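Engineer: Right, I'll just put the structure down here and ask away after.
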Amino acid sequence: MITIENLSFTYPKADRPALQNMSIRFETGLVNVLIGLNGAGKTTLFDIISGLYKPQHGHITNLPHIQDMLYQIQGTFLSALVKGKEYIRLIYNISGKKFINDENYIIEQMNLKSDREKELLKDLWNKKIGQMSVGERRWLYVITLTQLKRSLYIFDEPTSGVDPSSRIKIYKRIEELSQMEGNVIILSTHHLHDLKFITCKINVLHKGSILFEGDYQSFISLYGSENPDIAFDNCINNLNQEVITEAQVYA
Amino acid sequence: MSLVKSSYEFFLFYNKIVIREGVLGLVWAVLVPIIIFISLNINWFDHKQTITEALPFLCAFWAYITVNTFLFGVAFRIIIFRENGFLRCFTYIGGSKAPIILGLLFLQIVHGLINIAFFTSVVSSVFGYPLFLLVEIATVTFLVVSIPLIGLMLSLTTLSLQTSTLYSIANMFMLPAMFIALYRGTISNGFLEFIFRLTPVEFVYNTALNISDIMLVQSNGYTLFGLLSVSLIYLICGIFSWKRIKLISVTTRT
């Protein structure tokens, strides 16, 4: 478990703190999900946990060394000219995993279960990154990274731009990682409906502080809607236990 | 995972990208100095210079090619890697930024050696100078200056510079710096002379002249002490900069 206590951080020249006296616990055995509006401070928190920024106040306990940490960042970063297999090869070879230039071996080694995923990997194997859709790139990226053995995994919006079918598979893959002993998984997302199907703890980050910590059922119960997007809206507007219909929200 | 193996993986990875980006870019990088060299010295066809007379010109162009290779291939690339998130992402995958940078340095050393050997072979053949001797001087110079120059380039990457800024500054100063090295002569003011010698193009130019002296058993008055001092300054800059190379973009969220 990783514990953060009274964490505060303000960017240079910023007029308000990105994180303010924030306390949170990231547990093992489940997926710790961080949700919040754009600019709520999720990536800042990840950058602090991963050691890119030093907290100005507060402290973090039980953080592993950088070599035992995996941080998947949001942005695209690869040359469009690189093929899928070359990308997998690089990731495998720099992190000590055995790479064999055979897609069937990699499919088996990655333990891809569905036919669609197997077909997708075969399709992307010789395809250049520039020819892949944003979702395909993200899928390949996340699925490859989940093969690496670490004790802390940070996924910053791993399903952004990914189709619903692949999204579920990515979440399931991440959930499997969380079941391995001692692993801490932290994930940020804007796809709240998918969280219903995984064992997770939701943390709502708003204006630099945590508004809610708990499981999916508690979240929708407390914020009065089966629709997690509406529950989230209620949460950040401090409207707990009031039932607001979807029509009212969209109005 | 050994550092050498990881660095080699990055070297192969970059190499594929560079080759796919187009051989034209690589050829152009070496064709431009050849065209400029031949154009500037076109009268050598009528009034052939001795090798001793030609060497300062060759040394100046070697300096230009070498500094260009490391400035654009190391300093620029690392800044681009930082800005597009590549450095941050792969540091967390590989556990360290060292193999990402070492792979790049190895790539530039290999490509730089090919460039400088090709340039020297072409101009030696065109003007009828001893090809193997000149290629030997050029490649030895390149290898000798590469480590200190890399130190200097790493220190450039610690500045919060955008690539566009660095690109403009580099383009403004590179060619004039080559001609200044070639034509300026010695200044009586010792401090000013040292400042000039501290510039990378002059450093490579003077090193090349010294190596030519050693390999041709001649003397033209340059001292090794000055070059060693500059090398040491560059190396110290690089060593102190290593830990300060940022992983986070200074302009964009990645």
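Engineer: Go through (1) among the polar types (S, T, N, Q); (2) more than 9 Å from every other protein chain (Cβ to nearest Cβ); (3) not in a helix (DSSP H, G or I) for A:THR44 and report which single condition fails.
Structural biologist: (3)
Engineer: Give the residue, chosen from B:ILE80, B:ILE100, that is of a type in the set (Val, Ile, Thr), in a helix (DSSP H, G or I) and open to solvent by 10 Å² or more (accessible area, probe 1.4 Å). First the steps, then the outcome.
Structural biologist: Details: B:ILE100 fails: open to solvent by 10 Å² or more (accessible area, probe 1.4 Å).
It is B:ILE80.
Engineer: Take B:LEU166 and tell me if it is at pLDDT below 90 and not in a helix (DSSP H, G or I). Steps first, please.
Structural biologist: Numbers: at pLDDT below 90: yes; not in a helix (DSSP H, G or I): no.
Answer is no for this residue.
Engineer: Another question about this same structure. So is B:ILE42 surrounded by 17 or more Cβ atoms within 10 Å (Cβ to Cβ) and either of a type outside the set (Phe, Trp, Tyr) or within 14 Å of another protein chain (Cβ to nearest Cβ) (or both) or not? Reasoning before the result, please.
Structural biologist: Details: surrounded by 17 or more Cβ atoms within 10 Å (Cβ to Cβ): no; either of a type outside the set (Phe, Trp, Tyr) or within 14 Å of another protein chain (Cβ to nearest Cβ) (or both): yes.
For B:ILE42, the condition - surrounded by 17 or more Cβ atoms within 10 Å (Cβ to Cβ) and either of a type outside the set (Phe, Trp, Tyr) or within 14 Å of another protein chain (Cβ to nearest Cβ) (or both) - is not met.
Engineer: Now for a different question. Does A:LEU78 qualify as being within 17 Å of A:TRP139 (Cβ to Cβ), touching a Lys or Arg at 6+ places or on another chain (Cβ under 9 Å) and open to solvent by less than 10 Å² (accessible area, probe 1.4 Å)? Spell out how you get there, then give the answer.
Structural biologist: Working: within 17 Å of A:TRP139 (Cβ to Cβ): yes; touching a Lys or Arg at 6+ places or on another chain (Cβ under 9 Å): yes; open to solvent by less than 10 Å² (accessible area, probe 1.4 Å): no.
Judged against the criteria, A:LEU78 is not a match.
Engineer: From the list A:PHE155, A:PHE212, which residue is open to solvent by 10 Å² or more (accessible area, probe 1.4 Å), assigned to a strand (DSSP E or B) and among the aromatic types (Phe, Trp, Tyr)?
Structural biologist: Numbers: A:PHE155 fails: open to solvent by 10 Å² or more (accessible area, probe 1.4 Å).
Sole residue among the options that is open to solvent by 10 Å² or more (accessible area, probe 1.4 Å), assigned to a strand (DSSP E or B) and among the aromatic types (Phe, Trp, Tyr): A:PHE212.
Engineer: State all residues of the range B:177-208 that are open to solvent by 60 Å² or more (accessible area, probe 1.4 Å) and not aromatic (Phe, Trp, Tyr); if no residue qualifies, say none. Step through it out loud before you land on a result.
Structural biologist: We begin by selecting, within the range B:177-208, every residue open to solvent by 60 Å² or more (accessible area, probe 1.4 Å); these are B:179-180, B:183-184, B:186, B:188-189, B:191-192, B:194-196.
Of everything in the range B:177-208, those that are open to solvent by 60 Å² or more (accessible area, probe 1.4 Å) and not aromatic (Phe, Trp, Tyr) turn out to be B:ILE180, B:ARG184, B:THR186, B:SER188, B:ASN189, B:LEU192, B:ILE195.
Engineer: Let me ask something else. Checking B:PHE11 against (1) within 22 Å of the chain's Cα centre (by Cα); (2) within 14 Å of chain A (Cβ to nearest Cβ); (3) at pLDDT below 90: exactly one of these is not met. Which one?
Structural biologist: (3)
Engineer: Something else: Checking B:THR50 against (1) under 23 Å from B:SER212 (Cα atoms); (2) within 14 Å of chain A (Cβ to nearest Cβ): exactly one of these is not met. Which one?
Structural biologist: (2)
Engineer: Mind telling me which of the residues A:ILE49, A:ILE35, A:ILE4 ends up being more than 20 Å from A:ILE174 (Cα to Cα) and open to solvent by less than 50 Å² (accessible area, probe 1.4 Å)? Walk me through it before giving the result.
Structural biologist: On the way: A:ILE49 fails: more than 20 Å from A:ILE174 (Cα to Cα); A:ILE35 fails: more than 20 Å from A:ILE174 (Cα to Cα).
Being more than 20 Å from A:ILE174 (Cα to Cα) and open to solvent by less than 50 Å² (accessible area, probe 1.4 Å) holds for just one of A:ILE49, A:ILE35, A:ILE4, which is A:ILE4.
Engineer: Within the range A:158-178, how many residues are in contact with a Gly (Cβ under 9 Å, 6 or more places away or on another chain), in a helix (DSSP H, G or I) and surrounded by fewer than 16 Cβ atoms within 10 Å (Cβ to Cβ)?
Structural biologist: Qualifying residue count for the region: 0.
Engineer: Could you tell me which numbered condition B:ALA138 fails, if it satisfies all but one of (1) crowded, with 23+ Cβ neighbours inside 10 Å; (2) within 14 Å of chain A (Cβ to nearest Cβ)?
Structural biologist: For B:ALA138, the exception is condition (2).
Engineer: Quick one: in the range A:47-95, of everything that is among the aliphatic types (A, V, I, L, M), in contact with a strand residue (DSSP E or B) (Cβ under 9 Å, 6 or more places away or on another chain) and part of a loop (DSSP other than H, G, I, E, B), which residue is farthest from the other protein chains (Cβ to nearest Cβ)?
Structural biologist: Taking the range A:47-95 and keeping what is among the aliphatic types (A, V, I, L, M), we get A:48-49, A:52, A:60, A:63, A:66, A:69-70, A:73, A:78, A:80-82, A:88, A:90-91, A:94.
Checking which are in contact with a strand residue (DSSP E or B) (Cβ under 9 Å, 6 or more places away or on another chain) leaves us with A:48-49, A:52, A:60, A:63, A:69-70, A:73, A:80-82.
Subset that is part of a loop (DSSP other than H, G, I, E, B): A:52, A:63, A:73, A:80-82.
Numbers: A:LEU52: 6, A:LEU63: 13, A:ILE73: 5, A:ALA80: 9, A:LEU81: 4, A:VAL82: 6 Å.
This residue is A:LEU63.
Engineer: Give me the pairs: first residue in the range A:112-130 and closer than 13 Å to A:LEU81 by Cα and touching a residue at least 24 places away in the same chain (Cβ under 8 Å), second residue among the β-branched types (Val, Ile, Thr) and part of a loop (DSSP other than H, G, I, E, B), beta-carbon distance under 6 Å, and six or more apart or on different chains, which are they?
Structural biologist: What qualifies is A:ILE129/A:VAL82.
Engineer: Within the group B:GLY85, B:GLY94, B:GLY73, which residue is within 14 Å of another protein chain (Cβ to nearest Cβ) and open to solvent by less than 10 Å² (accessible area, probe 1.4 Å)? So that I can check it myself, show each step before the final result.
Structural biologist: On the way: B:GLY94 fails: open to solvent by less than 10 Å² (accessible area, probe 1.4 Å); B:GLY73 fails: within 14 Å of another protein chain (Cβ to nearest Cβ).
One residue alone meets the criteria, B:GLY85.
Engineer: Further question on the same structure: For residues in the range A:96-106 being part of a helix (DSSP H, G or I) and loosely packed, with under 14 Cβ neighbours inside 10 Å, which is farthest from the other protein chains (Cβ to nearest Cβ)?
Structural biologist: Initial filter on the range A:96-106 (part of a helix (DSSP H, G or I)): A:103-106.
Next, from what is left, pick out any that are loosely packed, with under 14 Cβ neighbours inside 10 Å: A:104-105.
Details: A:ASN104: 22, A:TYR105: 18 Å.
Only one residue fits best here, namely A:ASN104.
The values are calculated or read from the model by the stated rules, or taken from the named source; none is laboratory data. In this text, all values refer to a predicted model and were calculated from it rather than measured experimentally. When we count neighbours, we look across all protein chains shown, and the Cβ atoms used for this are built from the backbone with ideal geometry, even at glycine. The accessibility values were calculated without ligands, DNA or RNA, using every heavy atom of the protein model including side chains. Shrake-Rupley method; radii C 1.70, N 1.55, O 1.52, S 1.80 Å.
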